[in-house]
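The values are calculated or read from the model by the stated rules, or taken from the named source; none is laboratory data. Here the structure is a predicted model, which means the values were calculated and not measured. Here Cβ is always computed from backbone atoms with ideal geometry, including for glycine, and neighbour counts include all displayed protein chains.
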Amino acid sequence: MDNKVYLGVVVSPHGLKGDVWVKTFTQIPQDLFSYGTLYDEKGDKLNIILRSIGSSGKLLVHFLECNDRNNTSLLLGKKIYIDRSQLPKLEQDEYYYDDLVGCKIFDHLDQGICIGIVLSVHDYGGGTFLDVSLTNTTKVATLPFHKESVLHVNLDQQILLINRSFLVAP
């Protein structure tokens, strides 16, 4: 799979019959099952059923080929993917987090110098934030992802034009 999108990961076992908890990276956790076929890192189809939704937003799932707790250790850390073609089309000014990772960051006042690269995207409930690896340093800064801080997004060129005053550096 060349166009895979990472949507979840197995984080812990549950019970004796091979169930596991999965942390998802979808806005609504159970949406993991709305995209169709799920795959592993190699592109092999995963046979998973949803058991329940946990209070923390994690999903209790069962891999059909895993029938006891001993086998769940093999599943820990297993990443769950879909093919990018399975994603719905977005409206203007909407972005998949996965598409923002790796984008170069430029200050709107000094567009010629790259000030960093997006490492990851997080939504802690109070809004979306970007972790930015600052150029020529080992420091990671945080940038809120909203219209006042991120002025322009060009995914074709993998560039974000930002208002640097919103960048929170350590």
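Is it the case that the stretch 108-129 has a residue that's crowded, with 16+ Cβ neighbours inside 10 Å, closer than 25 Å to Ile82 by Cα and among the charged types (D, E, K, R)? Checked the stretch 108-129: no residue is crowded, with 16+ Cβ neighbours inside 10 Å, closer than 25 Å to Ile82 by Cα and among the charged types (D, E, K, R). If only residues of the stretch 1-17 that are modelled with pLDDT of 90 or more and touching a Ser or Thr at 6+ places or on another chain (Cβ under 9 Å) are counted, the one that is farthest from Glu65 (Cα to Cα) is Leu7.
This table checks each residue for (1) outside the structural domain of His14 (by TED's automatic domain parsing); (2) polar (S, T, N, Q); (3) under 30 Å from Ile159 (Cβ atoms).
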site	(1), (2), (3)
Asp31	no, no, yes
Ser52	no, yes, no
Ser56	no, yes, no
Leu74	no, no, no
Ile82	no, no, yes
Val101	yes, no, yes
Gln111	yes, yes, yes
Gly116	yes, no, yes
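Taking residues in the stretch 69-91 that are touching a residue at least 40 places away in the same chain (Cβ under 8 Å), and partners anywhere that are among the acidic types (Asp, Glu) and surrounded by fewer than 17 Cβ atoms within 10 Å (Cβ to Cβ), the pairs with Cβ atoms closer than 6 Å and at least 6 places apart or on different chains are Lys79/Glu41. Taking the stretch 23-50 as the range and being aliphatic (A, V, I, L, M), within 14 Å of the chain's Cα centre (by Cα) and under 11 Å from Gly8 (Cα atoms) as the test, only Leu32 passes. Tallying residues that are touching a strand residue (DSSP E or B) at 6+ places or on another chain (Cβ under 8 Å) and in a loop (DSSP other than H, G, I, E, B) within the stretch 33-65 yields 11.
Is it the case, given these coordinates, that Phe25 is touching a strand residue (DSSP E or B) at 6+ places or on another chain (Cβ under 6 Å) and not assigned by TED's automatic domain parsing to the domain that holds Gln157? When the stated conditions are applied, Phe25 passes them. If you go through the stretch 26-38 and keep only what is farther than 18 Å from Ser85 by Cβ and either buried (at least 16 other Cβ atoms within 10 Å of the Cβ) or among the basic types (Lys, Arg) (or both), you end up with just Pro29. Against the numbered list (1) modelled with pLDDT under 90; (2) loosely packed, with under 12 Cβ neighbours inside 10 Å, Gly77 comes up short only at (1).
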